[in-house]
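No value in this document is a laboratory result; all are computed from the given coordinates. Because the structure is a prediction, the values reported are computed rather than measured. Using ideal geometry, Cβ is built from the backbone for each residue, glycine included, and neighbour counts are taken over all protein chains shown.
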Amino acid sequence: MKAIRKMEPAWEKICGRNFELTSRTIVQPNGGTREVPCYQLAKTECLYIATKFNDEVHAKLVLRCDELERHGIFSSMKWGK
């Protein structure tokens with residue numbers, strides 16, 4: 001999250017928008033829940049972020065995006081603004 005926040009100003013300058021910040025509910029072992037912040041990123045945003053990290057991370061993300069596309073997940077998602 002911290003690394004993505006540092007990259008966001010450049011993305012906003014070029015694309016005119018921030019990354020979409022959201023949260024997920026995580027079920028705790030004791031039966032409770034807690035909200036965990038996360039970003040909901042489109043493929044282009046994921047690839048932008050991946051280029052800032054090492055080559056191994058970038059390769060893994062590209063392969064995961066390809067897998068999601070084969071299953072129709074990227075094409076069926078609604079990305080907000």
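Across all Cα pairs in the chain, the calculated P(r) in 5 Å bins from zero up to the longest distance comes to 3, 12, 19, 20, 21, 15, 7, 3, 0 percent per bin.
The angle between the Cα long axis of helix 2-15 and the longest principal axis of the Cα atoms of the chain comes to about 50 degrees, rounded to the nearest 10.
In this simple spin-label approximation, residue 40 and residue 67 carry label points 7 Å from Cα along the Cα→Cβ vector, and these lie 2.2 nm apart. Highest mean first, the peptides 41-48, 60-67 sorted by other C-beta atoms within 10 Å per residue fall in the order 41-48, 60-67.
As an exercise, use a Förster radius of 25 Å and the Cβ-Cβ distance of residue 23 and residue 55 to find the FRET efficiency, rounded to the nearest 0.05. Efficiency at R0 = 25 Å is approximately 0.25.
3J(HN,Hα) along region 19-35: 6, 7, 8, 9, 8, 10, 8, 10, 7, 8, x, 7, x, x, 9, 8, 8 Hz, from the Karplus curve 6.51 cos²θ - 1.76 cosθ + 1.60 with θ = phi - 60°, whole Hz, x for Gly and Pro.
For residue 20, the amide hydrogen comes within under 5 Å of the amide hydrogens of 40, counting only partners 5 or more places away or on other chains and with H modelled in the peptide plane.
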